[in-house]
Amino acid sequence: MKLHWQIFIAIGLAIIAGIATGEEAGIGSFTFYDVYVFLGTLFLNALKMLIVPLILSSIICGIANMGNLGGLGRLGGKTITYYLSTSLVAILIGLVLVNIVEPGLIAGEPVRDRVGLTEDITEVASKLEGKGAADITGIFLRMVPTNIVAAAANGQMLGLIFFGLLFGYFMTQIIEQRKTVLLTFWNAVLDVMMKMTDWVMKFAPIGVFGLVAKVVASTGLAAFLPLAYFFFTVLGALVIHMFGVMPLVLKYLGGVKPLRHYKAMTPALLTSFSTSSSSATLPITLECVEKNAGVSNRTSSFVLPLGATINMDGTALYECVAAMFIAQAYGLSLGFTEQFLIVLTALVTSIGVAGIPAASLVAISIILVTIGLPLEGIGLILAVDRVLDMCRTSVNVFSDSCGAVIIARSEGEDQVLQSK
């Protein structure tokens, strides 16, 4: 049985097991929930163990094998343009939908009192005046870490990628003999990391079972009820972007059949859904894009690691809808200027969000502070954040993979998705 079917079955069994056992069921002090946590954490740790050496070796080899700066500039320009464009489109979809649905209002009235928000509305309104985007400039400082080892240890992937780009490029500028030694070393590291990834993925169905069962056991189906309007607004916007916008992008910019790409990326999508981590899913994303979609390692090793850090379509969309929802819950009517600031801030903060579960909550706090909303509003979305995190991560990963396919086709890789 193929891996994606194993993962799909594991998710189904996990939902049943989570509902049946809950958090308390077990024998004595032993609970099934503890088993779910152990299996899920062990699998997630194994994936995270691969991230730093895999990203470094992939980027360094991708840049060094590219040959010249002209190739890097062309490929980099296409990649950045694609990522910024799709993220902006995703944010605008979320903004339009949240303004139409208005999930923060019930029967035209703000839900502030119903959900227990205590901040004085007059004080909140006064904070909206005179706000700017200066609070988010620190994100760009992460691109140049003071200590690359500390950046790797703390999961600061943007700094790690920047270092890898520089290292890979300047490898090509040294004498041939030393360049060959370094290139042989990093190619060998990459080969080893891909072998390790294949081995870890053999245990994916067990790990996915633990991760999903843990979420279902702790939240149950009741987690959807208190914030149903918000939940389905975000979910609807994500669906529009993933199944409406992205197929059009694949068809008209990449010249490939969308259904083929969905099929090729199924293992990565199921893994991203269960782990809520685009970084942890990166090894599987690389494997799917190269083996199933036919994208060269030269392209995928550059586009995908970069995308796992800076391309967060689903996260950017979610941040925008969450900020608007919290504002609506307080009964605040945001004008064009405030909404534009939310769009801009969501776009920039999504670039610096770590590809790990619930990292977008940090970005949302930055947005709230930037536009003057109290941080207590974050408590509104915590009940459904975990489930939406799983959904938006899948959108993030799928957008990355679409970018790899489109850029590969633009680079003349005609074999992409042609043999499947």
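Couple of notes before you dig in:
- Dipole magnitude for the range 189-329: about 360 debye, using +1 per Lys or Arg Cβ and -1 per Asp or Glu Cβ, origin at the Cα centre.
- From most to least packed by mean Cβ count within 10 Å, the peptides 40-48, 313-321 give 313-321, 40-48.
- Given K48/K263; K195/K263; K78/K291; K48/K202; K78/K179; K78/K251, the pairs whose alpha carbons are separated by over 19 Å: K48/K263; K195/K263; K78/K291; K78/K179
- Packing-based order for 74-85, 285-296, using average beta carbon neighbours within 10 Å, highest first: 285-296, 74-85
- In this rough spin-label picture, where each label sits 7 Å from Cα along the Cβ direction, the F170-N99 distance is 4.7 nm.
- Zone residues, the range 96-111, relative to F232, backbone N less than 13 Å from point 7 Å out along Cα-to-Cβ: 101-103
- Model label sites at T146 and A107, defined 7 Å from Cα along the beta-carbon direction, differ in position by 5.6 nm.
- Pairwise label distance in nanometres, A153 with S218, each label 7 Å out on the Cα-Cβ vector: 2.7 nm
None of the figures in this text is laboratory data; all of them are computed from the coordinates on show. Model, not experiment: these values are computed from the prediction. No Cβ is skipped: glycine too gets one built from the backbone with ideal geometry, and neighbour counts run over all protein chains shown.
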